[in-house]
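Novice: Dropping the structure in here first, questions after.
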Amino acid sequence: MSDDKSRVQNVIDALNKARSMELQAISQYMVQHYILDDLDYGQLCGWQKLISVDEMRHAEDFAERIEALGGNPTCDKAGPIAQPQTVEQIYPFDVNMEQNTVDTYDKLAEICRQNGDQASAALFDRIIQDELVHLQYYKDTTTHIEKLGDAFLAKYAATSKHSGPIKSFVKVMKKEDF
Ligand SMILES: [Fe+2]
Ligand SMILES: [Fe+2]
């Protein structure tokens, strides 16, 4: 393999590593969204669904970049799906997932830069900004459940799970239109 080819392959591998993490996150958050639905925590369920949809956009963004570079987007998940989980287990678990994602994407962006691909590095940098919004939400929710327990969860019991026309969790948190 020529130097140029191996540099592109290093970037494709980095993008596919990220894509496999997104595919894991999509399924994990979908499973949690069904658990929250069964518990009738409507709004928590609706937000979990939106976050899963954000991760699907990321998976597609990585796939498009991989295809532009001549690679094949992986369909393998990075790891197994944890289930069943209680509502108290879901949020700290997701803090760990998002923190791991941010830390890993920082390193993968650096690999892209080292291999001369600024566009792929910029894609990682943009997606990291979304993951930081997810991370903050999961941290806040974990803290509220730890400190307020049932008093916090009672706010969400029997609320609507429908998230309206806004289809991006990041936009919801930033109070921006879709
Ligand atoms: Fe993501
Ligand atoms: Fe995320």
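Each reported figure results from applying straightforward, stated rules to the coordinates on display, with no laboratory input. Keep in mind the model is a prediction, meaning the values are calculated, not measured. For neighbour counting, all protein chains shown are included, and Cβ atoms are generated from backbone atoms with ideal geometry for every residue, glycine included.
Novice: From the alpha carbon gyration tensor of region 3-173, can you work out the equivalent ellipsoid semi-axes (sqrt of 5 times each eigenvalue) and give them in Å, largest to smallest?
Specialist: One finds semi-axes of 33, 14, 14 Å for region 3-173.
Novice: Give the lysines reachable from residue 17 as a straight Cα distance under 25 Å; neighbours fewer than 8 places away on the same chain don't count.
Specialist: 5, 49, 77, 107, 139
Novice: For region 78-84, in order, what is each residue's ³J(HN,Hα) by Karplus, 6.51 cos²θ - 1.76 cosθ + 1.60 with θ = phi - 60°, in whole Hz (x at glycine and Pro)?
Specialist: Once rounded to whole Hz, the list reads 5, x, x, 8, 7, 6, x.
Novice: Send over the Kirkwood Rh of region 121-175, from the inverse of the averaged 1/r over different Cα pairs, rounded to one decimal Å.
Specialist: Numbers: mean 1/r = 0.0756 Å⁻¹.
Hydrodynamic radius (Kirkwood, Cα only) of region 121-175 equals 13.2 Å.
Novice: How far is it, in nm, from the label point at residue 157 to the one at residue 81 when both lie 7 Å from their Cα along the line to the Cβ?
Specialist: Distance between the two pseudo-spin positions: 2.8 nm.
Novice: Please compute the contact order of the chain in relative form: average sequence separation of alpha-carbon pairs under 8 Å and at least six residues apart, divided by the residue count, as a percent. Please list the in-between numbers first.
Specialist: On the way: 215 pairs, mean separation 58.0, N = 178.
Answer for the chain is 33 percent.
Novice: Express the C-alpha Rg of region 1-77 as a ratio against the empirical globular expectation 2.2 N^0.38 Å, rounded to two decimals.
Specialist: Working: Rg = 16.0 Å, N = 77, 2.2 N^0.38 = 11.5 Å.
Relative to the rule-of-thumb radius for its length, region 1-77 sits at 1.40.
Novice: Further question on the same structure: Is the shape of region 47-99 best called rounded, prolate or oblate, per the rule: a/c under 1.5 gives rounded, else a/b larger than b/c gives prolate, else oblate, with a ≥ b ≥ c the square roots of the Cα gyration tensor eigenvalues?
Specialist: Cα axes put region 47-99 in the prolate bin.
Novice: Now for a different question. If each DSSP helix of 4+ residues adds -39,500 (n - 2.57) and the sum is divided by the residues in the chain, what number results at 222 nm, nearest 500 deg cm²/dmol? Let's see the in-between values first.
Specialist: Details: 6 runs with 132 residues, N = 178.
The helix contribution divided over the chain gives -26000 deg cm²/dmol.
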